[in-house]
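The values are calculated or read from the model by the stated rules, or taken from the named source; none is laboratory data. These numbers were taken from a predicted model, which means no experiment stands behind them. All Cβ positions, even for glycine, are placed from backbone atoms using ideal geometry, and neighbour counts span all protein chains on display.
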């Protein structure tokens, strides 16, 4: 005779599998937001220095252009990346 339960044991096992995954996903999100804050601070410092030096301003623009080229290169070889953030 089989008994039915509203909350079978296999659901508890799935909770045991999903909880660590949710914790890791949360930690990745926190780390991402922390790094965004740090990147903003570094960007402000670089822009402050770039106001004093034309050469540094050109180097910063070259660096940003390089990053744009890398993103364009990735999108060309992996079209699914194009739809990840911005609608076209």
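Some points to look at:
- Contact map, segment 34-47: residues that are closer than 16 Å to residue 64 by Cα paired with residues that are surrounded by 10 or more Cβ atoms within 10 Å (Cβ to Cβ) and modelled with pLDDT of 85 or more, Cβ distance under 6 Å, separation 6+ or inter-chain. Pairs shown: 46/60.
- Of all residue pairs spaced 6 or more apart or on separate chains, those with beta-carbon atoms under 8 Å, a first member in segment 59-88 that is modelled with pLDDT of 70 or more and a second member that is surrounded by 10 or more Cβ atoms within 10 Å (Cβ to Cβ) and part of a helix (DSSP H, G or I) are 60/46; 60/47; 60/50; 74/81; 75/81; 75/82.
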